[in-house]
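Reviewing the structure listed below.
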Amino acid sequence: MTLRLRVVSADGRRFDHEVEGDELVVGRSSRAGLALADRAMSREHARFHRAEEGWLLEDLGSHNGTRLNEVPLDSPRRLHDGDTVSVGGSVLVVEIHGESASTSGDSVIYRSARDLLQSASGDTDISGIGVGSRKAADRLHMLNQVNQALASSISLEELLELILDRAFVHLKPQEAAIYLRDTGGNDVCAARRSTPGRESRPMHSKSLLHEVIDKGMVAHVVDSSVDERFSESKSLMMSGLRSFIAAPLLDAQGALGMIVVGAALGVRTFRDEDLELLVSLASVAALRIRNVRLVAEAMERQRLEQEVKLARQIQVAILPATLPTVPGYELYGGTLPSRGVSGDFYKFLIRGNDRECAVFVADVSGKGVAASLLTASLEALSALPLEGSDPPDRICEQVGTLLYRRTPPEKYATAFLGILDPEEGRLSFTNAGHNPAFVLRAAGGHEWLKSGGVPLGLLAGAKYASGEVTMGPGDALVIYTDGISEAMNPDEEEFGEDRLVETAARYRHLPLREMAANLERDLDAFARGVPFHDDRTLVIVRRAS
């Protein structure tokens, strides 16, 4: 009988080594018959030698020991074709020519999981498992145990551990793993377990995942070392496990993943009844996993809804409950969020011994809960500067600096700030990267207000310019956010700033609340059912005629 070793070295090299003569020493010494550059290996680690009964393997007092089929070697042991020898970080697969192979037939056998589950059913119960034989009764008993254990509330992690418990009790593998497919289509090892003292390694290859999860097949891998479909998996070869059975976690909606159990050839050989047991366990497990996931998703949705509700309450508290009274002027402000909570913010503030009215509109970056939190921060940071006597450009410098210091670079806010002198009708303003506000003239036409600088919090030490315009009797200042001007219709056409001016001008003689309602109605008609992807804020200040 001749001996050949199929080597997977610690550095990933693969090669075959034919043993010449009756003895071979393996180690990292250059004097060894098979020298491997493996720091975990002793200089003379183990010895293969021929005896009357066949080839034997013995450990030579190595520091890290020698394992035969993942069992520590404490005395010389006879080798068989297909045995796996672990020395240091390297794996040697034994091929003995002239000795009958331990397995026969194809190295990998694939069968339909649904067909196998159906064929295992004679007289069946609700689980689809036959009860007309001893093995079927054992299988039913195991599945009933699982069902009873899962009757109470259980997390996904606890569920997976329970499934592995049952797999080890009834199938007695050296290793078992459960792979679940995530929302991105990736197959992730969600749970794994090994026998005590065994180093746990990944138990999959691309071909195994494809056949079992994508095709819904049960796999019986008789000997992975002789099948090229598993050759790309270094971790699989180095695990020392060569016999596997795997079943998809399959329910009516498709495969959620797979469960796979494995063992070395000299330790455990899986049979047809093991396949039937595993596919039955996987079928019950899939239903439970699906239910646990649905419960978890429902709880997560409920948690998010509560967070949105709380954020909305905070935001509503920030927005003005009532607007101040400015003699000779009509004021309006309103916000419609696109996701329950908004990143838009507006504020009216009487200041300067009631001689001035500040109008502040901001649109923070992002949407949803995160944007609402930044909005709350901006409201707090702007409160003190707005109450002072500084002009709008100076206020924007102060607020921009404060926001820059307290937020990451990708967080900023566009803003329009106007300081109105009601008696004179004079409006000083600064536009910090915001959509241009405009003044609708009572006699017709409009004037854009564009003077300003970069968004607040975007750059350290940013400076701002200011502009000035006078509002005459009947003139209206209109400030808005891009959720209005960038609203889309099914033809992917934007509402646009020019259309906004035309629409506002059409309704400028109506009371401001009616003017805003008509504008929103026209915006809905333009969108024709296309969802609004950004928050919509509208602020109007009109001087009496």
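Answer yes or no as to whether SER389 is touching a helix residue (DSSP H, G or I) at 6+ places or on another chain (Cβ under 8 Å) and either in a helix (DSSP H, G or I) or farther than 18 Å from ASP482 by Cβ (or both).
Here the answer is no, as SER389 does not meet what is asked.
Quick check on region 449-467. Is at least one of its residues of a type in the set (Gly, Ala, Ser), under 18 Å from GLY425 (Cβ atoms), touching a Pro at 6+ places or on another chain (Cβ under 8 Å) and touching a residue at least 40 places away in the same chain (Cβ under 8 Å)?
There is at least one residue in region 449-467 that is of a type in the set (Gly, Ala, Ser), under 18 Å from GLY425 (Cβ atoms), touching a Pro at 6+ places or on another chain (Cβ under 8 Å) and touching a residue at least 40 places away in the same chain (Cβ under 8 Å).
Among the residues that make up region 129-143, is at least one of them at pLDDT below 80, open to solvent by 40 Å² or more (accessible area, probe 1.4 Å) and in contact with a strand residue (DSSP E or B) (Cβ under 8 Å, 6 or more places away or on another chain)?
Yes, some residue in region 129-143 is at pLDDT below 80, open to solvent by 40 Å² or more (accessible area, probe 1.4 Å) and in contact with a strand residue (DSSP E or B) (Cβ under 8 Å, 6 or more places away or on another chain).
For (1) under 20 Å from ARG290 (Cβ atoms); (2) under 27 Å from the mean Cα position of the chain (by Cα); (3) assigned to a strand (DSSP E or B), each residue gets a yes or a no:
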position	(1), (2), (3)
GLU158	yes, yes, no
LEU164	yes, yes, no
HIS170	no, no, no
ALA177	yes, yes, yes
LEU180	yes, yes, yes
THR183	yes, yes, no
VAL188	yes, yes, yes
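Take the residues of region 246-276 that are open to solvent by 30 Å² or more (accessible area, probe 1.4 Å) and assigned to a loop (DSSP other than H, G, I, E, B): which is modelled with the lowest pLDDT?
The extreme case among them is GLY266.
Can you report the number of residues in region 501-545 which are closer than 20 Å to ALA362 by Cα and part of a loop (DSSP other than H, G, I, E, B)?
So the answer is 4.
Please state which one of SER389, SER428, SER377, SER382 is within 16 Å of LYS347 (Cβ to Cβ), open to solvent by 10 Å² or more (accessible area, probe 1.4 Å) and touching a residue at least 24 places away in the same chain (Cβ under 8 Å).
SER377
From GLY483, GLY496, GLY453, grab the single residue that is within 38 Å of the chain's Cα centre (by Cα), within 21 Å of GLY334 (Cα to Cα), surrounded by fewer than 22 Cβ atoms within 10 Å (Cβ to Cβ) and not hydrophobic (A, V, I, L, M, F, W, C). Step through it out loud before you land on a result.
Values: GLY483 fails: surrounded by fewer than 22 Cβ atoms within 10 Å (Cβ to Cβ); GLY453 fails: within 21 Å of GLY334 (Cα to Cα).
Exactly one residue qualifies, and that residue is GLY496.
What number of residues in region 156-191 are crowded, with 22+ Cβ neighbours inside 10 Å and either in contact with a Cys (Cβ under 6 Å, 6 or more places away or on another chain) or among the basic types (Lys, Arg) (or both)?
2
Of everything in region 437-466, what is touching a Leu at 6+ places or on another chain (Cβ under 6 Å) and either outside any strand (DSSP E or B) or closer than 15 Å to ARG394 by Cβ (or both)? Give them in sequence order.
LEU456, GLY457
Quick check on my filter: what residues within region 404-436 are touching a Ser or Thr at 6+ places or on another chain (Cβ under 8 Å), under 22 Å from GLY328 (Cβ atoms) and either in a loop (DSSP other than H, G, I, E, B) or of a type in the set (Gly, Ala, Ser) (or both)?
Once the filter is applied, which keeps residues that are touching a Ser or Thr at 6+ places or on another chain (Cβ under 8 Å), under 22 Å from GLY328 (Cβ atoms) and either in a loop (DSSP other than H, G, I, E, B) or of a type in the set (Gly, Ala, Ser) (or both), region 404-436 yields GLY418, GLU424, GLY425, SER428.
Please name all residue pairs, on different chains or six or more residues apart, with Cβ atoms under 7 Å, provided the first residue is in region 20-39 and is in contact (Cβ under 8 Å) with a residue 24 or more places away in the chain and surrounded by fewer than 18 Cβ atoms within 10 Å (Cβ to Cβ) and the second residue is of a type outside the set (Phe, Trp, Tyr) and outside any strand (DSSP E or B).
Every condition considered, the pairs that remain are ALA37/ASP11; ALA37/ARG28.
Kindly establish whether ILE318 is among the aliphatic types (A, V, I, L, M) and either open to solvent by 70 Å² or more (accessible area, probe 1.4 Å) or touching an Asp or Glu at 6+ places or on another chain (Cβ under 7 Å) (or both).
yes
Starting from region 493-518, take each residue that is more than 13 Å from ARG542 (Cα to Cα) and of a type in the set (S, T, N, Q) and list its partners that are part of a helix (DSSP H, G or I) and open to solvent by less than 50 Å² (accessible area, probe 1.4 Å), counting only C-beta distances under 7 angstrom and pairs at least six apart or across chains.
The qualifying pairs are THR503/LEU519; THR503/ASP522.
If we keep just the residues of region 502-515 that are touching a strand residue (DSSP E or B) at 6+ places or on another chain (Cβ under 8 Å) and surrounded by fewer than 17 Cβ atoms within 10 Å (Cβ to Cβ), which is nearest to SER338 (Cα to Cα)?
Here the residue is ARG513.
Find the strands (runs of 3 or more DSSP E) located wholly in region 34-78 whose residues include 3 or more that are modelled with pLDDT of 95 or more, and list them.
On the way: elements: 46-51, 54-59, 66-68.
Because the criterion is at least 3 residues that are modelled with pLDDT of 95 or more, the strands (runs of 3 or more DSSP E) in region 34-78 that meet it are 46-51, 54-59.
Determine, yes or no, whether GLY12 is within 23 Å of ALA263 (Cα to Cα) and either surrounded by fewer than 16 Cβ atoms within 10 Å (Cβ to Cβ) or in contact with an Asp or Glu (Cβ under 9 Å, 6 or more places away or on another chain) (or both).
Numbers: within 23 Å of ALA263 (Cα to Cα): yes; either surrounded by fewer than 16 Cβ atoms within 10 Å (Cβ to Cβ) or in contact with an Asp or Glu (Cβ under 9 Å, 6 or more places away or on another chain) (or both): yes.
It is true that GLY12 is within 23 Å of ALA263 (Cα to Cα) and either surrounded by fewer than 16 Cβ atoms within 10 Å (Cβ to Cβ) or in contact with an Asp or Glu (Cβ under 9 Å, 6 or more places away or on another chain) (or both).
The values are calculated or read from the model by the stated rules, or taken from the named source; none is laboratory data. Just so it is clear, the model here is predicted, and its values are computed rather than measured. Here the Cβ is made from the backbone with ideal geometry for all residues, glycine too, and neighbour counts use every protein chain on show. What goes into the accessible areas is simple: the full protein's heavy atoms, side chains included, and nothing from ligands, DNA or RNA. Shrake-Rupley method; radii C 1.70, N 1.55, O 1.52, S 1.80 Å.
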